Amino acid sequence: MSYTQEKQVAIEAVTRAAKLCLAVQADMVNIDSLEKGDKSPVTIADFGAQALVCQHITANFPQDAIVGEEDSSDLQKPENSDKLAQVTQYAQQVHPKATAEDVCAWIDAGNGTVSDRFWTLDPIDGTKGFLRNEQYAIALALIEDKQVKVAALVCPSLSIDGNDPGSKTGVVFTAVRGEGAAMTALGDDNFTPIHVTEPSDQERLRFVESVEAAHGDHSLQHAIAQAAGITRPSLRMDSQAKYGAVARGDAALYLRLPSPKSPNYREKIWDHAAGALIVEEAGGRVTDMHGQPLDFASDYKMQNNRGVIVSNGVIHAAVLEALAEAK
Ligand code: AMP
Ligand code: MG
């Protein structure tokens, strides 16, 4: 099965969402956020991005379910009517006739469930990074027959040249299973293949981890990286931009070990599906901390996995060994 149309639709969908996020950032010095039930922040850009992506997927693949992170219930509360009006205005930059009802319906098209074929979407992964003007991502993946088949990941604040942090920003990553991974500048469809680091590349023998201390176990991550031969300090960045960094060889490893403060937290499929395919198709390896494959097809929470290890492949066994010994 070829996924040419799915890939094109996914890239267009996340590109529209990225432009909405950039417009919100350009218009607002301080972006307001709402607090969700789990205390995490959500902004008008999260809602707007989910609306645009779901609209585009549904218009092209009306049969497909979408499992997205957000829903419109908070946005529909009377006290948030100004926010709904703002989301609608941004959506109108793509769909001039969109109403507030249309926008809520598009957002809620993302309330689907895991099935034989479905998309999973994080409209803004790393909302905290978005609010800090640091890294964030729009992450979209198609899962069919229990496997991630297509991925599109936009990192609007990531440098196009990984070796030059001062270079222009805005990167689109994409992958189709069996066809490799590629990247381009946001707004440009000149994709070039990407690959993980070479084993001999000492310069890039470094690891990435979250900015947020609560999203991992930073002291164990440091110890494991050292045990796997990485002596350089970590690069800390929000969102699935970390997968992009490993996929294009800016770093050899991404460690995400369960935080001792939230031992019952389960990773969500939309935080990993797109990034995982991109890294695997770039030649890397992705497992949980026990070496198990990530399960994207049972539930939106990855109940059977603990932690996430993403590597260039070559150092993966050493990392898993160090983890087994650390327990
Ligand atoms: P990052 O930008 O890598 O810090 O990851 C952001 C994602 O972390 C968010 O999208 C959340 O879904 C997720 N998250 C929230 N709480 C936790 C937690 N306790 N452990 C791991 N990930 C979390
Ligand atoms: Mg997320």
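Counting only Cβ charges, +1 for Lys and Arg and -1 for Asp and Glu, the dipole size of region 24-145 around its Cα centre is about 260 debye. Only helices at least 20 Å long along their own axis, judged from Cα atoms, and with Kyte-Doolittle mean hydropathy of 1.0 or greater: name those in the chain from DSSP H. TM-like helix candidates: nothing returned. Assign one of three labels to region 128-184, namely rounded, prolate or oblate, based on the Cα gyration tensor with a ≥ b ≥ c the square roots of its eigenvalues; rounded applies when a/c is under 1.5, prolate when it is not and a/b is larger than b/c, and oblate otherwise. Taking the square roots of the gyration eigenvalues as a ≥ b ≥ c, region 128-184 is oblate. For residue 114 and residue 134, the FRET efficiency from 1/(1 + (r/R0)^6), where r spans their Cβ atoms and R0 equals 35 Å, is about 0.70.
In the full protein context, the chain carries 42 Å² of accessible surface per residue, based on a 1.4 Å probe and ignoring ligands, DNA and RNA. Taking amide H as placed 1.01 Å from N in the peptide plane, the amide H of residue 149 sits under 5 Å from that of 142, 143, 144, each at least 5 places away or on another chain.
For region 170-327, the antiparallel share of DSSP beta bridges with both residues in that region comes to about 80%. Stretching the chain fully between residue 202 and residue 105 yields a gain of 29.9 nm (0.36 nm per residue, less the alpha carbon separation). Peptide packing: for 179-188, 36-45, the average count of neighbouring Cβ atoms within 10 Å per residue gives the ranking 179-188, 36-45, highest mean first. The Stokes-Einstein estimate for the chain, based on a Kirkwood radius over Cα pairs and taken at 20 °C with 1.002 mPa s viscosity, is a diffusion coefficient of 109 µm²/s. Each Lys and Arg contributes +1 and each Asp and Glu -1, all at the Cβ; summed about the Cα centre of the chain, the dipole is approximately 480 debye. The P(r) of region 1-106 has a tail past 16 Å containing 58 percent of all C-alpha pairs. Under conditions of 20 °C and 1.002 mPa s, region 99-167 yields 151 µm² s⁻¹ as its translational diffusion coefficient, taking Rh as the Kirkwood radius over Cα pairs in the Stokes-Einstein equation. Carbon and sulfur atoms: what percent of the 1.4 Å accessible area of the chain do they account for? The value for the chain is 47 percent carbon and sulfur by accessible area.
Taking all C-alpha pairs of region 234-327, those more than 16 Å from each other amount to 52 percent. If only the Cβ of Lys and Arg carry +1 and only the Cβ of Asp and Glu carry -1, the dipole of region 248-327 around its Cα centre is close to 280 debye. The stretch between residue 4 and residue 60, if pulled fully straight at 0.36 nm per residue, gains 18.9 nm over its current Cα-Cα span. The helix-based estimate of mean residue ellipticity at 222 nm for the chain, built from -39,500 (n - 2.57) per DSSP H run of four or more residues and divided by its residue count, is -10000 deg cm²/dmol to the nearest 500. Computing Rg and the Kirkwood Rh from the Cα coordinates of region 209-257 gives a ratio, Rg/Rh, of 0.93.
For the pair residue 71 and residue 30, what calculated FRET efficiency results from E = 1/(1 + (r/R0)^6), where r is the Cβ-Cβ distance and R0 = 41 Å, to the nearest 0.05?
0.95
Its alpha carbons considered, region 22-67 gives a radius of gyration followed by a Dmax of 13.6, 40 Å.
The values are calculated or read from the model by the stated rules, or taken from the named source; none is laboratory data. A quick note: this is a predicted structure, and the numbers were derived from the prediction, not measured. Methodologically, a virtual Cβ is constructed for each residue, glycine included, from the backbone with ideal geometry; neighbour enumeration extends over all protein chains shown. To get the accessible areas, we keep the full protein, side chains included, count just its heavy atoms, and leave off ligands, DNA and RNA. Shrake-Rupley method; radii C 1.70, N 1.55, O 1.52, S 1.80 Å.
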